[in-house]
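*Asks:* Supplied in structure tokens, the structure appears directly below.
Bear in mind these aren't lab numbers, they're just calculated from the coordinates by the rules spelled out. Note that this is a predicted model, so its numbers are computed, not measured. Neighbour counts run over all protein chains shown; Cβ positions are idealised from the backbone, glycine included.
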Amino acid sequence: MSNGQRSALITGITGQDGAYLAQLLLGKGYRVHGLAPRRSTDTSWRLRELGILDDVHMIDGDLADLSSLIRAMEQSRADEVYNLGAQSFVGTSWQQPLLTADIDGTGAMRMLEATRIVNREAHFYQASTSEMFGLIKAERQDENTPFHPRSPYGVAKMMAHWATVNYRESYGMHASSGILFNHESPLRGIEFVTRKVTNAVASIKLGLQKELRLGNIDSKRDWGFAGDYVEAMWLMTQQAVADDFVVATGITVSVRDMCKLAFGHVGLNYEDYVLIDPKFIRPAEVDVLLGNPAKAKAALGWEPRTSMEQLISMMVDADMRRLGA
């Protein structure tokens, strides 16, 4: 880029991670471009909420269309490419398995190919996921733990992950994958369990809702703050050599305990409001995910800064503000 200003292209910029990453990169002086597929709904509320919507250069394009990705690479003249775009809700992947495979799996390969064609020197980041571990083969999952995905989403992301490794090994591209464990924030979509809970807590506290229906509340996840996790993404693209890294807190919390924290934050007992509804039980459940972020700490100098208590309090407070308004 001219003036020595670095340029980044972010697919999925209107999602939770895309918005926080755009904010981080703008703060570092980057020119930030976002790939925006044409959809009937306005998805830019997160960028607006962070106050950065006008600072981002939007480019029309879709992970389903290689020609638009090539054009996006040419227009942005990106030094760094962050492929965060995906059908990102695990539950939906059983209803739309082929769409999930095309966008999350083949879509990543299209973005890799567009990067290779236009600027193979660009540093590429792929958003991999702990859902690839699925039926876990080790108590704590790290970069060497075998994958056994338990959803169409996990299967599609696994294809994208190995495609990234393949482009790194085949073409010498600086292509890294972040195997991110669950990461949440006030910008999380309402369909994700953490935000479903914090939004319900706020609604119940304000008298707008009487109960909260959930599926398996004994499943355990390693939950962190998305704002911390995007920093790990950026650090990966800054390394001399590309690699794959688990990004996690190393602490596991059940959905039940998360409910306890959220309701407790507003002085309520979760047992009075949470009901188990069989319709929210998944065809193949992942019972426990627990990451080992030792490599990210050693090689990137990255550590999570936000505790589960701080995260849930932040999310409940944000939902109280939104609903109160």
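*Asks:* Based on the Kirkwood radius over alpha-carbon pairs, what is the Stokes-Einstein translational diffusion coefficient of the range 130-284 at 10 °C with 1.306 mPa s viscosity, in µm²/s?
*Replies:* 91
*Asks:* Moving on to the next point. What does the C-alpha gyration tensor say about the overall shape of the range 259-317? Classify as rounded when a/c is under 1.5, otherwise prolate if a/b is larger than b/c, or oblate. All intermediate terms of the calculation are to be shown ahead of the outcome.
*Replies:* Working: a/c = 4.01, a/b = 1.42, b/c = 2.81.
Taking the square roots of the gyration eigenvalues as a ≥ b ≥ c, the range 259-317 is oblate.
*Asks:* To continue, here is another question. Modelling each spin label as a point 7 Å along the Cα-to-Cβ direction, I'd like the ASP102/SER203 distance in nm, to one decimal.
*Replies:* Label at ASP102, label at SER203, 3.2 nm between them.
*Asks:* To continue, here is another question. Let me have the 222 nm mean residue ellipticity of the chain computed from DSSP H runs of 4+ only, each contributing -39500 (n - 2.57), with the sum over all residues rounded to the nearest 500. Write down the numbers at each step before the final one.
*Replies:* Details: 12 runs with 129 residues, N = 325.
Theoretical 222 nm ellipticity from helices: -12000 deg cm²/dmol.
*Asks:* If you take every DSSP beta bridge fully contained in the chain, what fraction is antiparallel? Give it as a percent rounded to 5.
*Replies:* Antiparallel: roughly 5 percent of the beta bridges in the chain.
*Asks:* Let me ask something else. Taking a point 7 angstrom from the Cα of ASN144 along the C-beta vector, which residues in the range 239-262 have backbone N less than 12 Å away?
*Replies:* Inside the label zone: nothing.
*Asks:* Then there is this: Please list, ordered by chain and number, the residues whose modelled amide H lies under 5 Å from the amide H of ASP244; skip anything fewer than 5 residues away on the same chain.
*Replies:* The list, which skips near neighbours in sequence, is SER177.
*Asks:* Right, here's the next one. For the range 88-145, count the residues as N, evaluate 2.2 N^0.38 Å, and divide the Cα radius of gyration by that value, please.
*Replies:* Here the Cα radius of gyration is 1.41 times the empirical estimate.
*Asks:* Now a separate question. In whole Å, how far is the Cα centre of the range 288-325 from that of the range 70-112?
*Replies:* Cα centres, the range 288-325 to the range 70-112: 24 Å.
*Asks:* Same structure again: Please list 3J(HN,Hα) in residue order for the range 118-131, calculated via the Karplus relation 6.51 cos²θ - 1.76 cosθ + 1.60 where θ = phi - 60°; whole Hz, with x for glycine and proline.
*Replies:* Values per residue, Gly and Pro as x: 8, 7, 6, 7, 5, 8, 10, 10, 10, 7, 8, 8, 5, 5 Hz.
*Asks:* Please give the length that would be gained between GLU271 and ARG213 if that part of the chain were fully extended, namely 0.36 nm times their separation in residues minus their C-alpha to C-alpha distance (nm, one decimal).
*Replies:* Values: separation 58, 0.36 × 58 = 20.88 nm, distance 1.16 nm.
Separation in residues times 0.36 nm, less the Cα-Cα distance, equals 19.7 nm.
*Asks:* Further question: What Kirkwood Rh does the range 160-203 have if only Cα atoms enter the pairwise 1/r average? Answer in Å.
*Replies:* Here the Kirkwood hydrodynamic radius works out to 13.0 Å.
*Asks:* Something else about it: Which of the trypsin sites (Lys or Arg not before Pro) found in the range 93-156 are loop residues per DSSP with 16 or fewer other Cβ atoms within 10 Å of their Cβ? Mind showing how you got there, number by number?
*Replies:* Working: sites: ARG110, ARG116, ARG120, LYS137, ARG140, ARG150; in loops: ARG120, LYS137, ARG140, ARG150.
Within the range 93-156, the qualifying trypsin sites (Lys or Arg not before Pro) (loop, at most 16 other Cβ atoms within 10 Å) are ARG120, LYS137.
*Asks:* How many lysine pairs in the chain, separated by 8 or more positions in sequence or lying on different chains, have Cα atoms less than 20 Å apart?
*Replies:* Qualifying lysine pairs in the chain: 13.
*Asks:* Also, I was wondering about something else. At each listed q (0.18 Å⁻¹), what is the log10 of I(q)/I(0) that the Debye formula gives for the range 192-306 modelled as equal alpha-carbon point scatterers?
*Replies:* Once normalised to I(0) and log-transformed, intensities are -0.94.
*Asks:* Then there's this: Based on the alpha carbon coordinates of the range 34-111, what radius of gyration and maximum Cα-Cα distance (Dmax) apply, in Å?
*Replies:* 13.4, 37
*Asks:* Something else: Using only the C-alpha atoms of the chain, find the volume of their convex hull and express it per residue in Å³. Spell out each step's value before the answer.
*Replies:* Details: hull volume 41.8 nm³, N = 325.
Convex hull of Cα atoms, per residue: 129 Å³.
*Asks:* Separate question: Quick one: if you take sqrt(5λ) for each eigenvalue of the C-alpha gyration tensor of the range 209-249, what semi-axes come out, biggest first, whole angstrom?
*Replies:* Numbers: eigenvalues 233, 31, 9 Å².
In descending order the semi-axes read 34, 12, 7 Å.
*Asks:* Okay, next question. Could I have the simple spin-label model distance between ASP287 and SER307, label points 7 Å from Cα toward Cβ, reported in nm to one decimal?
*Replies:* 2.9
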